[in-house]
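FYI, it's all coordinate maths here, none of it is from the lab. In this text, all values refer to a predicted model and were calculated from it rather than measured experimentally. Note: ideal-geometry Cβ built from the backbone for every residue, glycine included; neighbour counts use all protein chains shown.
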Amino acid sequence: MRLAVLVSGSGTNLQALLDAIAADPGFGGEVVVVGSDRPDAGGLERARAAGIATVVEALDDHPDRPTWEGVLRARLEDQEPDAVVLAGFMRILSGAFLDGWPDRVINTHPSLLPAFRGAHAVSDALEHGVKLTGSTVHLVDEQVDHGPIVAQRAVEVAEDDDETSLHERIKVVEHELLPACVKLLCQDRLVVDGRHVHVRPDRSRP
Ligand code: GAR
């Protein structure tokens, strides 16, 4: 499966995905393009280092959001991706974008959804005083951090955690969970039934 990955930040999740693909001949997917809304996103450097095509479209360079999204979508489509991975992409995508890849846009979010949606999930969880947070990988629908959940893993909050330390431990989990879920997507093993995502058995195993 040909994958587009969208990033806004340092791209450690992109790197984890690239490393997982490189280490697993049976992964079933390859990253063909990395897109960003930020020219300075570290993830773009990681893509270039891996010889992957990059696309940068900043929202401010377009008259409005639909135009920006349409251009971003068209430029990704030049590389004919079959699915899109949001790996720290901090912009909301509308149905007009998502319709290009039904049930094939997947996101990693640093909380146990439906708790702490939005751009400040880690600090919101700390502020709320939760003892447990974590990582959620989900399919993307038109609502923010809302679509059907593929997998979740919990991370305990330590007494002395700040946003940085907690986010770093969540990222360690994300770096395993996101590639594992993308692999299932690539192998066409995710079955979506309303809000529920079932995982088909691995037919390559006896
Ligand atoms: C990740 O923790 C990801 O879950 C989060 O941004 C970080 C990106 O890190 N995404 C969101 O908060 C989306 N709402 P990275 O650039 O090092 O992969």
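Given the structure, is residue 103 part of a loop (DSSP other than H, G, I, E, B), surrounded by fewer than 20 Cβ atoms within 10 Å (Cβ to Cβ) and either within 11 Å of the ligand (Cβ to nearest atom) or without any contact (Cβ under 8 Å) to a residue 60 or more places away in the chain (or both)? For residue 103, the condition - part of a loop (DSSP other than H, G, I, E, B), surrounded by fewer than 20 Cβ atoms within 10 Å (Cβ to Cβ) and either within 11 Å of the ligand (Cβ to nearest atom) or without any contact (Cβ under 8 Å) to a residue 60 or more places away in the chain (or both) - is not met. Annotation: of all residues in the stretch 76-93 being away from the ligand (no atom under 16 Å from the Cβ) and surrounded by fewer than 17 Cβ atoms within 10 Å (Cβ to Cβ), the one that is nearest to residue 157 (Cα to Cα) is 82.
On the given criteria, is residue 190 touching a Leu at 6+ places or on another chain (Cβ under 6 Å), away from the ligand (no atom under 15 Å from the Cβ) and touching a residue at least 60 places away in the same chain (Cβ under 8 Å)? Yes. With respect to (1) outside any helix (DSSP H, G or I); (2) over 16 Å from residue 83 (Cα atoms), the lone exception for residue 60 is condition (1). Quick one: would you say residue 111 is over 15 Å from the mean Cα position of the chain (by Cα), of a type in the set (Gly, Ala, Ser) and within 13 Å of the ligand (Cβ to nearest atom)? So residue 111 fails the test.
Condition first: within 16 Å of residue 166 (Cβ to Cβ), part of a loop (DSSP other than H, G, I, E, B) and in contact with a His (Cβ under 7 Å, 6 or more places away or on another chain). Now tell me which residues in the stretch 106-132 satisfy that. Correct list: 110 only. In this structure, is residue 123 in contact with a helix residue (DSSP H, G or I) (Cβ under 8 Å, 6 or more places away or on another chain), among the hydroxyl-bearing types (Ser, Thr, Tyr) and under 11 Å from residue 109 (Cα atoms)? Answer is no for this residue. Here the stretch 63-75 is the region considered, the condition is being of a type outside the set (Lys, Arg) and within 18 Å of residue 31 (Cα to Cα), and the residue that is nearest to the ligand (Cβ to nearest atom) is 72.
Out of 61, 24, 37, one residue alone is crowded, with 19+ Cβ neighbours inside 10 Å and of a type in the set (D, E, K, R). It is 37. Among the residues making up the stretch 4-25, those that are aliphatic (A, V, I, L, M) and more than 11 Å from the chain's Cα centre (by Cα) are 16, 18, 20, 21, 22, 23.
Among the residues of the stretch 150-182, the ones that are surrounded by fewer than 20 Cβ atoms within 10 Å (Cβ to Cβ) and closer than 14 Å to residue 85 by Cα come to 2 in all.
For the stretch 160-187: of the residues being more than 16 Å from the ligand (Cβ to nearest atom) and without any contact (Cβ under 8 Å) to a residue 60 or more places away in the chain, which is nearest to the chain's Cα centre (by Cα)? The selected residue is 184.
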